[in-house]
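To start, the structure itself, in structure tokens.
The values are calculated or read from the model by the stated rules, or taken from the named source; none is laboratory data. Only a predicted model underlies this, so the values are computations on that prediction, with no experimental measurement involved. Here the Cβ positions follow ideal geometry from the backbone for every residue, glycine too, while neighbour counts run over all protein chains shown. The protein model used for the area step is the full one, side chains on, heavy atoms only, and it has no ligands, DNA or RNA in it. Shrake-Rupley method; radii C 1.70, N 1.55, O 1.52, S 1.80 Å.
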Amino acid sequence: MRDYDEVTTFLGEWGPFQRLIFFLLSASIIPNGFNGMSVVFLAAAPEHRCRVPDTANLSRAWRNHSIPLRLLDGREVPHSCRRYRLAVIANFSALGLEPGRDVDLEQLEQESCVDGWEFSQDIYLSTIVTEWSLVCEDDWKTPLTSSLFFVGVLLGSFVSGQLSDRFGRKSILFATMAVQTGFSFLQIFSINWEMFTVLFVIVGMGQISNYVVAFILGTEILGKSVRIIFSTLGVCTFFAVGYMLLPLFAYFIRDWRMLLLALTVPGVLCLPLWWFIPESPRWLISQRRFSEAESIIQKAAKMNNIAAPRVIFDPMELQELKLPGQQKVLILDLFRTRNIATITIMSLLLWMLTSVGYFALSLNAPNLHGDAYLNCFLSALIEVPAYITAWLLLRKLPRRYIIAGVLFLGGGVLLLIQFVPADYNFLSIGLVMLGKFGITSAFSMLYVFTAELYPTPVRNMAVGVTSMASRVGSIIAPYFVYLGAYNRVLPYIVMGSLTVFIGIITLFFPESFGMTLPETLEQMEKVKGFRFRKKPRDSVQKEENPKVLITSF
């Protein structure tokens, strides 16, 4: 009995058909880069201060001194959430008293911004923060907006695989693409923060579902040698391209509603891909729809200018065999023994804390000193060499050492930021980008590492559970950015410390590079002291091991 890869060997690996699928599916990922990080501009908080009504009977001097000063990062700046009590300073103004000379400002009573706020329009004309005044007592809503988007991502992660298994890869790919684009468009008409946030949760569900299904479809259609490149460099790099285009859109469109409208256009442009991207022949075969699968392969052979066999798929040859004695596995099997439980707990921490670092640095990029749009572009650009570096390192070097190494690099440079003088802004930005490089490299290696650690029966479950931990990390990441409101370097101290900590933990994992993939829970149970028994690479290649497909999404 031959498998699907053997039956379709005649198509070749990198013909016109494969190139078309590679680039069209990768291009469908670009809008995910928009929506995944759009909140950094949609929910940006410009500089603000309490509004002093024009009707207030104040002299010019008292109007200029109506806002108290506060100490922030070693310098005095106007308070964002307090003003001197208007009735009191209006009385002083009527008496002709001068602020600072006749009246000690430090002794004056203060009040909240009862008349609203004045927002700077130097960088943003409008955001959801300026639209609904999400500052001061309501500033908790801003990080919650980002967190709830990632809650949607978490929910979408649960359902995307099941939906594509039930209704087909192609149908769910374009359905979720429509959900992502359609609900982003509906957000433009939001009348309050609550409506915007509920729609944002649904956008998050569509965003990750589109990403995951595009990955599954690509890995099932493309050949063995191409699918690994697609699942690493292809998918990840095109996500970074979308991320890089985001600040370019935002630079020219400073109003949040118009920006959101512009970001929905690429999603609409992807819908005509329906007529060029086929359904997965593998899925069709699993549904016993052999004639449809054969039609797709016949068209692919014609596109590649290859003569296809008269009968490609023999139903009797491709029928699935139930393996004798196959054991049913549960999530509790990931904690069956002390060794397995320890590795699982360390894996959950590794995924979650690496995700915290990646998303916190991404969301905080516009808050760095200097041009917010340039900083966001650099944060996206640095991901491309990070993915390439990860791919090169995975080919030649031990897993735990390279993951720990890039985590030490990322965390170490973040800890150095606290020692950089405030005037050396370019050095601080450079260290942040280097930290993003290290953490992104580590993040893109985790699927490979986790898939190699666990045995075949629980491998998919282990990757799924640990990737869920990364969603939890993305949900709490906005609150690490929120720490910057109290101290400029506090987010980097916390993120750097956690990243170095998880780098140290990574050194205690078993090494999987050049090892035989474990086939049963019993084989993993025999791991003592977190070490696998090493076998020569030649013997590993001769064994019939399952082919593991992984990516970072």
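Observations on the model:
- Every test in (1) touching a residue at least 60 places away in the same chain (Cβ under 8 Å); (2) closer than 30 Å to Ser295 by Cα is passed by Ser209 save one, and that test is (1).
- Candidate set: segment 20-38, residues that are open to solvent by 10 Å² or more (accessible area, probe 1.4 Å) and among the aliphatic types (A, V, I, L, M); chosen: the one nearest to Ala250 (Cα to Cα): Ile30
- Selected residue (criterion: most open to solvent (accessible area, probe 1.4 Å)) from residues of segment 371-409 that are free of Cβ contacts under 8 Å to residues at least 40 places away in the same chain and of a type in the set (A, V, I, L, M, F, W, C): Leu392
- Residue match in segment 99-106 (condition: more than 21 Å from Leu69 (Cα to Cα) and buried (at least 19 other Cβ atoms within 10 Å of the Cβ)): no
- Any hit, segment 357-368, residues being of a type in the set (A, V, I, L, M), open to solvent by 10 Å² or more (accessible area, probe 1.4 Å) and closer than 20 Å to Ile475 by Cβ: yes
- The set of residues in segment 224-258 that are more than 17 Å from Leu394 (Cα to Cα) and among the aromatic types (Phe, Trp, Tyr) comprises Phe238, Phe239, Tyr243, Phe249, Tyr251, Phe252, Trp256.
- Residue match in segment 50-69 (condition: open to solvent by 30 Å² or more (accessible area, probe 1.4 Å), under 39 Å from the mean Cα position of the chain (by Cα) and touching a residue at least 60 places away in the same chain (Cβ under 8 Å)): yes
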